[in-house]
Amino acid sequence: MTLTNFKKSLRDSIFKTIADSAEELSIDSFVIGGYVRDLLLQRGKSKDIDIVAVGSGIELAKKVAGKLKGNPRVSVFKNFGTAMIKHHAWEIEFVGARTESYTRDSRKPVVENGTLLDDQKRRDFTINTMAISLNETDFGQLIDPFDGVRDLKNKIIRTPLDPSITYSDDPLRMMRAIRFAAQLGFNIELKSLQAIIENKDRIKIISQERIVDELHKILECDQPSIGLKLLHTTELLPLLLPELTALEGIEEIEGQRHKDNFWHTLEVVDNIAGMSDNLWLRWAALLHDIGKAPTKKFDKKIGWTFHAHEFIGSKMVYKLFKRLHMPLNDKMKFVQKMVRMSSRPIILSQDNVTDSAVRRLVFDAGEHVDDLMTLCEADITTKNAKKQKKYKNNFQIVRQKIIEVEERDHLRNFQPPISGEVIMKTFNLKPSKEIGIIKDAIKEAILEGEILNEYKPAYDFMIKKGRELGLEQK
Ligand code: CTP
């Protein structure tokens, strides 16, 4: 046991309130879990505090709430024997120390009262078992029976019990291990990695929402590929995102090879993580090539093709989001749009960039054109320095042209300069297909750069187009 005192770190009055409340109830209480871990890692103080009481956590929570200004509400989760208080920025969770045993088919444990040590044993990782006493006799004392401090120093994710018990008890922990490794830059102990492989199928009893929560956290890391690679080596990835693992491998026919799109994707995700914090853009990077597995073909004349993979990929995004119970809202639509358009700027950057091509890109991507450019720059993973430089330069040119086109034509959230009503009035028309034809022609003329995106030139163009269609002005 490490004899270290953290009295000074628990100076906030909230800890004193909890300590006093526990003393009045004659029970022992401890800060435990993530708060202690992050304190020792000096990771920036967490606002989530987990308290374990050797007695009733719910009673302790009620007592604490009674002492706090404004008497915050106590949310009681009777089934779990836990209670939660939100006070200022704090979110404090109380639980009674317990021993738990699990049945094979459920995460719901059979719970009995236990000692602090019992409670520490049933937690996920040694770095999350460390507790700090709030008791009068040894306030601030670190209680670390599983050498969490040593594991923090050695950057190791290790389970307090035999890993197959810890993971089988709660299979979500397999993903938590990987997520912590990715977030903290730690290694998972070999024994633990093996236990994850053995227990991988038990991930099926975990709800999609919890799984997605962990996937989000992995994608939010500075280098998401650390977590994704671990999901791959532990064989969890095909159970979670089979669309991604289907991209793995290189085929060769008649001396022609294509790149390994799985490992390429991981590079793209890391690249984008260095460029944007937008979680959904990171999802788009992760999924941008998923249409390549079902569309892959070999053609004797042109070699490997992935015809329409962007379109197929965007359809797959919907199915994947649905399966994972992710929101089917504007976030999903954004990811679909990014996947669908993911090759557009690359084509532009290879050719001589025309203004009209850029105008069409801005028109189609709308408010998301910058995100699309970021995704496409992240997509450059060629190891050929010359090509790398050429593509990057060309993207600079495309970005510059986007600014110019924007200044001139304001296409980002395009509103037609001439409404259907104006067309109807001018030519004395009832609703008819001619109106659509004229509106479309005006839009095309703007995108081609024939006219400015303004009322007067669009009006003149409408008159000309109307005449071509044999319409008479009123
Ligand atoms: N815990 C566990 N098994 C789980 C989830 C949580 O043993 N499947 C324990 C750990 O001791 C953990 C504590 O409960 O430290 C609190 O869990 P949680 O708030 O989910 O995680 P934190 O460790 O606080 O980390 P983060 O906030 O980054 O998720």
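The values are calculated or read from the model by the stated rules, or taken from the named source; none is laboratory data. Bear in mind the structure is a predicted one, so any value in this text is a computation, not a measurement. Because the Cβ atoms are built from the backbone with ideal geometry, glycine has one as well, and the counts that use them run over all protein chains shown.
The residue that is surrounded by the most Cβ atoms within 10 Å (Cβ to Cβ), counting only those in region 21-37 that are touching a Lys or Arg at 6+ places or on another chain (Cβ under 7 Å) and in a helix (DSSP H, G or I), is Ser21.
Restricting attention to region 219-252, the residues being touching a Lys or Arg at 6+ places or on another chain (Cβ under 6 Å) and among the acidic types (Asp, Glu) number 1. Going by the structure shown, is Lys191 basic (Lys, Arg), more than 16 Å from the ligand (Cβ to nearest atom), surrounded by fewer than 21 Cβ atoms within 10 Å (Cβ to Cβ) and within 24 Å of Pro160 (Cβ to Cβ)? Considered against the rule, which asks whether it is basic (Lys, Arg), more than 16 Å from the ligand (Cβ to nearest atom), surrounded by fewer than 21 Cβ atoms within 10 Å (Cβ to Cβ) and within 24 Å of Pro160 (Cβ to Cβ), Lys191 comes out as yes. Here region 164-182 is the region considered, the condition is being within 13 Å of the ligand (Cβ to nearest atom) and free of Cβ contacts under 8 Å to residues at least 40 places away in the same chain, and the residue that is surrounded by the most Cβ atoms within 10 Å (Cβ to Cβ) is Tyr167.
Can you name the helices (runs of 4 or more DSSP H) wholly within region 184-263 that have at least 3 residues being under 30 Å from Ile302 (Cα atoms)?
Of the helices (runs of 4 or more DSSP H) lying wholly inside region 184-263, those with at least 3 residues that are under 30 Å from Ile302 (Cα atoms) span 242-245.
Screening Met332, Met316, Met326 for residues that are under 21 Å from the mean Cα position of the chain (by Cα) and under 20 Å from Glu248 (Cα atoms) leaves exactly one candidate, Met316. Looking only at region 238-249, decide whether some residue is in contact with a helix residue (DSSP H, G or I) (Cβ under 6 Å, 6 or more places away or on another chain), without any contact (Cβ under 8 Å) to a residue 24 or more places away in the chain, hydroxyl-bearing (Ser, Thr, Tyr) and crowded, with 17+ Cβ neighbours inside 10 Å. Yes: one or more hits. None of Arg158, Arg202, Arg173 is basic (Lys, Arg) and under 20 Å from the mean Cα position of the chain (by Cα) except Arg173.
Restricting attention to region 20-36, the residues that are within 12 Å of the ligand (Cβ to nearest atom) and either touching a Leu at 6+ places or on another chain (Cβ under 7 Å) or of a type in the set (Phe, Trp, Tyr) (or both) total 3. Pairing each residue of region 117-141 that is in a strand (DSSP E or B) with any residue that is of a type in the set (D, E, K, R) and within 14 Å of the ligand (Cβ to nearest atom), provided the two are 6+ apart or on different chains, yields C-beta distances under 9 Å for Ala131/Asp119; Ala131/Asp144. Here Lys63, Lys69 are screened, and the one residue that is out of contact with any strand residue (DSSP E or B) (no Cβ under 8 Å at 6 or more places or on another chain), away from the ligand (no atom under 16 Å from the Cβ), without any contact (Cβ under 8 Å) to a residue 40 or more places away in the chain and not polar (S, T, N, Q) is Lys69. In the set (1) away from the ligand (no atom under 16 Å from the Cβ); (2) at pLDDT below 90; (3) more than 30 Å from Ile206 (Cα to Cα); (4) not in a helix (DSSP H, G or I), Gln42 fails one condition alone, (1). Here Gly70 passes the criteria (1) modelled with pLDDT of 95 or more; (2) small (Gly, Ala, Ser); (3) in a loop (DSSP other than H, G, I, E, B) except the one numbered (1).
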